[in-house]
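Throughout, read-outs are computed from the coordinates displayed, never taken from laboratory work. Keep in mind it's a predicted model, so treat the numbers as computed, not measured. Ideal geometry is used to build each Cβ from the backbone, glycine not excepted, and the neighbour counts take in all protein chains shown.
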Amino acid sequence: MICHIEVYGCQMNAHDGEILAGILKSSGHTVVNNAKIAEVIFVVTCAVREHAETRALGRVTHLAGMPEKKPIMVLCGCVAQEHGEKLLKKMKLLDYVIGPDLYHRIPDLLLEGNRRLSLTEQGVEKYENVSPDRKQFPRAFVTVMRGCNNFCTYCIVPYVRGRERSRPVDLILNEIKGLVDLDYGEITLLGQNVNSYLHNGVDFPKLLEKVSEICEGKCWVRFVTSHPRDLTTELAEVMASKENICNQFHLPAQSGNDRILKIMGRGYTRKEYIEKVKMLKRLMPDIVISTDMIAGFPGETLEEFEDTVSLLKEVRYDYAFLFRYSERDGTAALNISPSVPMKERLRRLSILQELQAEITLENSRKLVGREMEVLVTGVARRPGQMASRTMGNRLVILESLNYNPGESVQVKIVRADGYTHFGEPIKE
């Protein structure tokens, strides 16, 4: 059958889309980019925030109405896991609702032809026998663990992704060796909380060191996402000691106030968080640090919100992913009062966004005049340009098409607007 896949949400979802495509292709199906010609349309969803869920469900309605003949509609991912059979009753356009652990069942379902089914059982699926259909050369995702044991009070991930389960070391390393042989220039290790990886005595710092050795002299290594509580000095030292491990760290703070952090169930204080940031900067002075922050968490006072504002000012993140608090059914935060009015949540979010935009721009402009290596990732949005990335994952635009994806180029940064940088090649 002709299949089309659309993905919403995090990098784990993006990789799940590649896994789904690999499963379909290995079963004889065709995967296309054009939804209009598809007989089956898959929408891989994210349930972390209300906006992402609403957007994905709206897209299902739109896609189902596009072709003259209604395609088979399959909702996958975290929203499918969260709501299950309720979605079939709510959305008559849907044929299947499939949770993240059951993609291997899809070829049989399409063959059997029984519609209006919901499959959301959670197991220990790691998709070890699946060859992902990768679409982002020269960058590749490799899942090292799935699930989460933290149960932060605002987060639905443990409920829709299950408990932590780490992949065997040898399987991870063999997958990475194959990618190195295919000349991938960057490999990102994925997990809901990579720092808690543990398999047969091998923890994440040891795994990262092994991956770095395989990739040495051939490709960069980065990883997401990390929990601040689990960030160790050992991990930071491994990063600092290996030239091919990217000097980038995503360290979600969520709040700058100790009372709110405790209610969130984050397991660290503001002081402990800042000490870990200082450790990263001491060991890697050029490190690029990003974060997640929530504005308007239940019960957050104006004074407590100001602590989050001050944390942005103190750490001066290169990037920040900022959100207003989003209610998620089944999470403990729903029972915390008083609720911050939506208008006030949005006002606080706007304050964080404006401040971070200033900090990001200032940090970005400090790069002007510097020389650095970039990895060419593909054609940019504007004609005549190529896109590339630094080790810190900053976007650098090259004003030429005379490069190939996967090529490393030494450039001088000549202009920066905060999120985008422009580089000129350094002639040898």
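Observations on the model:
- Listed pairs 276/366; 242/281; 25/135 exceeding 19 Å between Cα atoms: 276/366
- Based on Cα contacts under 8 Å between residues 6+ apart, the chain shows a relative contact order of 10 percent.
- Additional length obtainable on full extension of the chain from residue 26 to residue 234, 0.36 nm per residue less Cα span: 70.8 nm
- With each label modelled as a point 7 angstrom along the Cα→C-beta vector, the residue 174-residue 36 pair spans 4.4 nm.
- Simple spin-label estimate for residue 355 and residue 400 gives 4.3 nm between the two label positions (7 Å along the Cα-to-Cβ direction from each Cα).
- Residue (of 205, 221, 153) at the positive-pole extreme of segment 136-246, dipole from beta-carbon charges: 153
- Taking a straight line from the alpha carbon of residue 278, these aspartates and glutamates sit under 17 Å away, with near neighbours fewer than eight places off in the same chain left out: 230, 234, 237, 286, 314, 318.
- Selection of GluC sites (Glu not before Pro), segment 119-225, meeting DSSP coil and at most 12 other Cβ within 10 Å: 121, 128
- For the pair residue 243 and residue 151, a Förster radius of 30 Å applied to the C-beta separation gives a FRET efficiency near 0.20, rounded to the nearest 0.05.
- By average C-beta atoms within 10 angstrom, highest first, the peptides 354-364, 332-342, 244-254: 244-254, 354-364, 332-342
- Here the Karplus curve 6.51 cos²θ - 1.76 cosθ + 1.60, taken at θ = phi - 60°, turns the phi angles of segment 386-396 into couplings of 10, 9, 8, 9, 7, 4, x, 6, 7, 6, 10 Hz, with x standing for Gly and Pro.
- Those lysines that a straight Cα-Cα span of less than 27 Å connects to residue 92, excepting residues fewer than 8 apart in one chain: 36, 69, 70
- Cα-projected label distance for residue 382 with residue 275, points at 7 Å along beta-carbon direction, nm: 4.7
- When the trypsin sites (Lys or Arg not before Pro) in segment 55-115 are filtered for DSSP coil states and for at most 16 other beta-carbon atoms within 10 Å of their beta-carbon, the remaining sites are 69, 92, 115.
- FRET efficiency estimate (nearest 0.05) - Cβ-Cβ, residue 314 to residue 111, R0 60 angstrom: 0.55
- For peptides 320-328, 403-411, sequence by mean Cβ density within 10 Å, most packed first: 320-328, 403-411
- Environment charge of residue 57, counting only residues whose C-beta is closer than 14 Å and scoring Lys/Arg +1, Asp/Glu -1: +3
- Theoretical FRET efficiency, 1/(1+(r/R0)^6), r = Cβ-Cβ of residue 301 and residue 210, R0 35 Å, to 0.05: 0.15
- Multiplying the residue separation of residue 334 and residue 412 by 0.36 nm and removing their Cα-Cα distance gives an extension gain of 23.1 nm.
- Stretchable slack from residue 135 to residue 283, in nm (0.36 nm times residue separation minus alpha-carbon distance): 49.9 nm
- Per-selection metrics, the chain (Cα): Rg and Dmax in Å: 22.0, 64
- Cα-only Debye scattering, segment 136-246: base-10 log of I(q)/I(0) at q = 0.09, 0.17, 0.20 Å⁻¹: -0.23, -0.79, -1.05
- Whether segment 2-119 is rounded, prolate or oblate, judged on the alpha carbon gyration tensor where a/c under 1.5 counts as rounded: rounded
- Shape box of segment 37-190 [Cα atoms, principal axes, largest first, Å]: 44, 40, 30
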